[in-house]
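Working notes, beginning with the structure itself.
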Number of protein chains: 2
Amino acid sequence: MANPLVDDRDVAFILDDVLDVARLCELPAFADHTPETFDLVIDSARRLAREQLYPTYRAMDQEPPVFDDGRVRVHKALQDLVPRMAELGLISAIRPEAVGGMQLPLSVAVAAQAYLMAANASAYGYVGLTAGAAHLIEEYGDDDLRALFMARMYAGEWLGTMALTEPDAGSSLGDITTSASPRHDGTYAIRGAKIFISGGDHQITDNIVHLALARIQGAPAGTRGISLFAVPRLRPEHGDPTALVDNDVRAAGMVHKIGWKGIPSLVLSLGEGDNCHGWLVGQPGRGLTYMFQMMNEARIMVGVNGVATASVAFHESLAYARERPQGRPPAAKDPTTPQVAIMAHPDVRRMLLRQKAIVTGGLTLVVAAARYSDLANHGDTEAQRHDGHVLLDLLTPIAKSFPAEYGYESNVLAVQVHGGYGYSSEYLPESWLRDQKLNSIHEGTTGIQSLDLLGRKVMADGGAAIVALAAVVERTAERAVAAGVDRRQATQLRDAMQAVATLTTELGQRGAAGDIEGMLRHSVDYLDLLSIVVVAWLHLERAAAARQRATRLGSRDGFIEGVLATTDYWFATDLPRVDTLVARIRSGEDSFVRMRSEWF
Amino acid sequence: MANPLVDDRDVAFILDDVLDVARLCELPAFADHTPETFDLVIDSARRLAREQLYPTYRAMDQEPPVFDDGRVRVHKALQDLVPRMAELGLISAIRPEAVGGMQLPLSVAVAAQAYLMAANASAYGYVGLTAGAAHLIEEYGDDDLRALFMARMYAGEWLGTMALTEPDAGSSLGDITTSASPRHDGTYAIRGAKIFISGGDHQITDNIVHLALARIQGAPAGTRGISLFAVPRLRPEHGDPTALVDNDVRAAGMVHKIGWKGIPSLVLSLGEGDNCHGWLVGQPGRGLTYMFQMMNEARIMVGVNGVATASVAFHESLAYARERPQGRPPAAKDPTTPQVAIMAHPDVRRMLLRQKAIVTGGLTLVVAAARYSDLANHGDTEAQRHDGHVLLDLLTPIAKSFPAEYGYESNVLAVQVHGGYGYSSEYLPESWLRDQKLNSIHEGTTGIQSLDLLGRKVMADGGAAIVALAAVVERTAERAVAAGVDRRQATQLRDAMQAVATLTTELGQRGAAGDIEGMLRHSVDYLDLLSIVVVAWLHLERAAAARQRATRLGSRDGFIEGVLATTDYWFATDLPRVDTLVARIRSGEDSFVRMRSEWF
């Protein structure tokens, strides 16, 4: 059987049973939608993913882009695939109808994207990046800029990129040096170098619009001096989009990435010939602010990718475990009996169940975060929007990092299940392992996510986010008990949440006393801790929903059994790690802080 | 500064201060050696590693072997490197002088190998495999066989392979089907297919001797029917090694491995033309027994490789962290101040210290295991040999798996420290990440190691191995307290060891009551648990040795500070995980055991 990429039953279960996404249709913003239109979108993405994107994945991994004389040629299949995704409206799926979008809830879009990313992450990458770039123009550009760039980008006629990073300013965006000088026609002369620009050149579309950060001459140093520009590869001469001339944007080099081989990562040289025009987007000096306002969405997208990349590998190793004969159970001493499928070995089932726990927990997490985004942006009441914002902000670094880190572990297990074959490029798991590694690095490393979580999100408003999380956790615990889930699991989750809340208060006090380093010292552990608890919360919600479904059906099917066993696994294996993590964070253990460079 | 591959100070510290390997010279087997001859061997290996092997590593990774018409061409640098390693006597380093070896303790050889493997694992692979193959002939072959094959292999004139695995018998060696039929001249006609044969063909030497498992016609099914054969690529016609004819061994295909690119992994077809002769090694039906008697050494070699591969990447990321400017400390708000080296960020030091803890703990572990092997084989007294055997057997699955699993985590961190550059093949950490992944798979997967540990090693002789381990742990605790190490660390280690011992007794009782599945259910967790405790034991021994050195010197230098902080880190970060692991193993948690194929 072909790899399903993502489990259809699980997608339906999360949307319908666990998170009741259908209720979003009650909100005015989504009033034109019905559960049926949601299904249509997901189903068309799923079919495109299975029938078109996945069959080209391997070829794209094996035939990476070619850099030649300042231009880049990407895999030719992309010239067909990207327009197909654009035709389905995927670039503007969550944007308002007013700008040509489907006005789809992000939570529904995420489910559709999971299939596309699982099928072929780098092919979807062009869509995701273009959506982000066009969204910036929609949100902060004026009508002229929207008319010039946005509509063509949402239609997939021109693709887009995010051009932030520079060779000496990766995670430290305040240090970018690309310059912008005002020109007489209202545009700016751009000059500088960008690096790691995904999709920075290709032959899929003639034009590519780079959303680039640059510093207007005379602007202050640091983050406050950074502005946002639209810098097309071909510029509309005198604002005429049908008269395009070269805009002095050169691919100066290609980074040889270890995964995501379908989309090139480029060094771009802007204005080497002093002939690169950029269109200011929004206000001068607001570039980073605009970028950060888009950050939640971008980071959730990374999370979806992490889940998707783990999911496709999980399904591959599941099929392999069902088919590959090797060895016999310990009790079967007769060597003339046939070998059994490796699924029969408990440790193989352990590796599969761990993957399942990470993949299904991760998928629930990213959809849940997206649902809070939907409520934050389109909620009925101020309170709904406020709560949505608080939980979205809290969950975003977790939704970004948990799939990146635990997803990577899951991808390692998919290789391991394949044994020696997993170590070869004749089998696919190693390619997903390479793909997945990016997710702990781009859009803010795991370390940066952890500082964002503990230093900003958790400490904001006197710890309001943890209070809000504790409230939804309590609701889940109640739902679970009512649905017949073992009370001990509800208690275990409540205790873990309480331990996190108490620890957080203590850390806040350390910070308030001026010991910021001490507060943040174990931020990565704190991120891990909160991730484990959040995923436990969602697994308990899944168990509750599964039991309610069993009650409705009058019986338990294999899917329900699988959900319940996965929750049991997480509560027995990961949730107990909370105590050790809390103790370590609380202890203030400082061996690595004390370390000096010369001691290593 | 060039990558040192392995820290010279740490090698000297482990051999001299921690494990006092010099005392091995008191044993008759090593009486011809002195600490100076040990140093000479290590130093010559170190120089070869740094000056010859490491500079060719990248080229070998980027230009993998070419398979063409039944022959394989490997990187041409190997035609120079392999003879150089042979000239240094590395193939027979630990073998007796009687067979042309250096009669070097394995513990010293391991230190030398660490440099070679860190420099270029696949180049060293030819040496390691040939050593293993020749050792089998030395140990189990008769004089004729030794005369024909062994000496040429130890001299590097003919290289060797281990040809065990078959397409349908990977981990389940009892299922191999390659056949051997007696021929009139005393040899056997071999026929079958082997897979994953490392170094199975190349142009480095004309002849290659495959140590192959096959089943003599009429032999019983299963492991008892398997015999060991020497199957050369070119056979000495009428036993004349100067008259070589083709022996009908064909490279039938090449596996495209994701790492170890310097050494090909081949499908070998034996006797397709009914003209492949094999020389029986030892007694019929004893092939697997012979192989397993070599297993400790082979598994320690994998462990050394895991440590070495983590070590070279650790040093690469350490140098990068010292040089790469990025960002500023949280307190430095002025964006016009220069960026700091990323070493200044506590979380980067955390990632480096974790690597250091894994690498130095792992190196101490593999040298310690090798030292028990030296005592087991060459100890003065029956008691010394017995204790050496018991601890060697216990430590072997840990020495194999800890570097493979934690070493992989360490390699992931080396990539992460490099940020976006770590995701590119312009930088080396990603190549070591690929290399390292093999170590959890070959020579018995981590799952298989865990069953060996818990099912065999720990349960043998009523749990004698854990008693022996507890005794050496206690000696370390006493040494540590005497040396001035914080008593709490000694107590923490004793408590952890006691917890393991109690748990082990309970598991033994489960097994004795007939619940073998229940006893072995959490074997991978048990392996992890014991690994953490064993590495904590060795880190405490390191701290004790470091304090003793400080007392001798009258001061602490940076190296000593680094050792002490690393021990603090492990005791604060990993050793506390013991409680959670013990609780989980004890609980009998069975979610994954209950899982059925159709529930996934």
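The values are calculated or read from the model by the stated rules, or taken from the named source; none is laboratory data. Computed from a predicted structure; not experimentally measured. So basically every Cβ, Gly included, is an ideal-geometry build from the backbone, and we count neighbours across all protein chains shown.
Applying the criterion of at least 2 residues that are over 26 Å from the mean Cα position of the chain (by Cα) and under 30 Å from residue A:352 (Cβ atoms) to the helices (runs of 4 or more DSSP H) found wholly in the stretch A:557-600 leaves A:558-573, A:577-587.
Taken over the stretch A:554-578, residues that are within 7 Å of chain B (Cβ to nearest Cβ) and of a type outside the set (Lys, Arg) amount to 9.
Remark: residue A:148 falls outside the filter, which requires a residue to be within 14 Å of chain B (Cβ to nearest Cβ) and not charged (D, E, K, R).
Scanning the stretch B:229-242 finds one or more residues that are outside any strand (DSSP E or B), out of contact with any strand residue (DSSP E or B) (no Cβ under 9 Å at 6 or more places or on another chain) and crowded, with 18+ Cβ neighbours inside 10 Å. Among the residues that make up the stretch B:470-485, is at least one of them within 14 Å of chain A (Cβ to nearest Cβ) and under 24 Å from residue B:393 (Cβ atoms)? For the stretch B:470-485, residues within 14 Å of chain A (Cβ to nearest Cβ) and under 24 Å from residue B:393 (Cβ atoms): absent. Restricting attention to the stretch A:253-280 and to residues that are within 14 Å of chain B (Cβ to nearest Cβ) and in a strand (DSSP E or B), the residue that is farthest from residue A:214 (Cα to Cα) turns out to be A:257.
Set side by side, the residues A:128, A:132, A:170 differ, and just one is within 14 Å of chain B (Cβ to nearest Cβ), crowded, with 19+ Cβ neighbours inside 10 Å, among the small types (Gly, Ala, Ser) and under 28 Å from residue A:305 (Cβ atoms), which is A:170.
If you check B:190, B:195 for being within 14 Å of chain A (Cβ to nearest Cβ) and crowded, with 22+ Cβ neighbours inside 10 Å, only one passes: B:195.
Quick grid of which residues meet (1) charged (D, E, K, R); (2) surrounded by 24 or more Cβ atoms within 10 Å (Cβ to Cβ):
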site: A:498; (1), (2): no, no
site: A:501; (1), (2): no, no
site: A:505; (1), (2): no, no
site: A:515; (1), (2): yes, no
site: A:518; (1), (2): no, no
site: A:522; (1), (2): no, yes
site: A:527; (1), (2): no, yes
site: A:530; (1), (2): no, yes
site: A:536; (1), (2): no, yes
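With at negative phi, over 15 Å from the mean Cα position of the chain (by Cα), without any contact (Cβ under 8 Å) to a residue 60 or more places away in the chain and within 14 Å of chain A (Cβ to nearest Cβ) as the only criterion, which of B:376, B:344, B:383 stands out?
Details: B:376 fails: within 14 Å of chain A (Cβ to nearest Cβ); B:383 fails: within 14 Å of chain A (Cβ to nearest Cβ).
Answer to the check: B:344.
Picking from A:223, A:178, which residue would you name as being among the polar types (S, T, N, Q), in contact (Cβ under 8 Å) with a residue 60 or more places away in the chain and within 14 Å of chain B (Cβ to nearest Cβ)? It would help to see each step written out before you state the result.
Details: A:178 fails: within 14 Å of chain B (Cβ to nearest Cβ).
After applying the criteria, what remains is A:223.
Could you check the stretch B:403-430 and list, in sequence order, the residues that are at the interface with another protein chain (Cβ under 9 Å from one of its Cβ atoms) and assigned to a helix (DSSP H, G or I)? Those that are at the interface with another protein chain (Cβ under 9 Å from one of its Cβ atoms) and assigned to a helix (DSSP H, G or I): B:408, B:412, B:415, B:416, B:419, B:420, B:421, B:422, B:430.
Just give me the residues in the stretch A:431-486 being among the charged types (D, E, K, R), in a helix (DSSP H, G or I) and buried (at least 19 other Cβ atoms within 10 Å of the Cβ), in sequence order. Those that are among the charged types (D, E, K, R), in a helix (DSSP H, G or I) and buried (at least 19 other Cβ atoms within 10 Å of the Cβ): A:434, A:435, A:437, A:452, A:457. Only one entry in A:15, A:5 is touching a residue at least 40 places away in the same chain (Cβ under 8 Å), outside any loop (DSSP other than H, G, I, E, B) and among the hydrophobic types (A, V, I, L, M, F, W, C), namely A:15.
Of all residues in the stretch B:321-333, those satisfying the criterion of being under 14 Å from residue A:175 (Cβ atoms), in a loop (DSSP other than H, G, I, E, B) and at the interface with another protein chain (Cβ under 8 Å from one of its Cβ atoms) are B:326, B:327, B:328. Within the stretch B:433-452, the residues that satisfy the criterion of being touching a residue at least 40 places away in the same chain (Cβ under 8 Å) and closer than 20 Å to residue B:312 by Cβ are B:433, B:434, B:435, B:436, B:437, B:438, B:439, B:442.
Do the conditions hold for residue A:69, that is, is it surrounded by fewer than 24 Cβ atoms within 10 Å (Cβ to Cβ), at pLDDT below 95 and within 26 Å of residue A:254 (Cα to Cα)? Criteria met by residue A:69. Number of residues in the stretch B:288-320 that are in a loop (DSSP other than H, G, I, E, B) and either small (Gly, Ala, Ser) or surrounded by fewer than 15 Cβ atoms within 10 Å (Cβ to Cβ) (or both) equals 0.
For the stretch A:391-412, state whether one or more residues are over 19 Å from residue A:313 (Cα atoms), without any contact (Cβ under 8 Å) to a residue 40 or more places away in the chain and in the same structural domain as residue A:363 (by TED's automatic domain parsing). No, there is no match, as no residue in the stretch A:391-412 is over 19 Å from residue A:313 (Cα atoms), without any contact (Cβ under 8 Å) to a residue 40 or more places away in the chain and in the same structural domain as residue A:363 (by TED's automatic domain parsing).
Looking at residue A:400, is it buried (at least 24 other Cβ atoms within 10 Å of the Cβ), within 14 Å of another protein chain (Cβ to nearest Cβ) and at pLDDT 95 or above? Show your work before the answer.
Details: buried (at least 24 other Cβ atoms within 10 Å of the Cβ): yes; within 14 Å of another protein chain (Cβ to nearest Cβ): no; at pLDDT 95 or above: yes.
The answer is no for residue A:400.
Per the listing B:395, B:353, the residue uniquely assigned to a helix (DSSP H, G or I), within 14 Å of chain A (Cβ to nearest Cβ) and at pLDDT 95 or above is B:353. Out of A:564, A:530, one residue alone is within 21 Å of residue A:19 (Cβ to Cβ) and either in contact (Cβ under 8 Å) with a residue 24 or more places away in the chain or not assigned by TED's automatic domain parsing to the domain that holds residue A:457 (or both). It is A:530. When the residues of the stretch B:306-323 are filtered to those that are among the hydroxyl-bearing types (Ser, Thr, Tyr) and over 13 Å from the mean Cα position of the chain (by Cα), which remaining residue is farthest from residue B:396 (Cα to Cα)? Applying the filter and picking the extreme gives B:320.
Pairs linking a residue in the stretch B:27-45 that is surrounded by 13 or more Cβ atoms within 10 Å (Cβ to Cβ) to a residue that is among the aromatic types (Phe, Trp, Tyr), with Cβ atoms under 9 Å and 6 or more positions apart or on different chains, are B:42/B:115; B:45/B:115.
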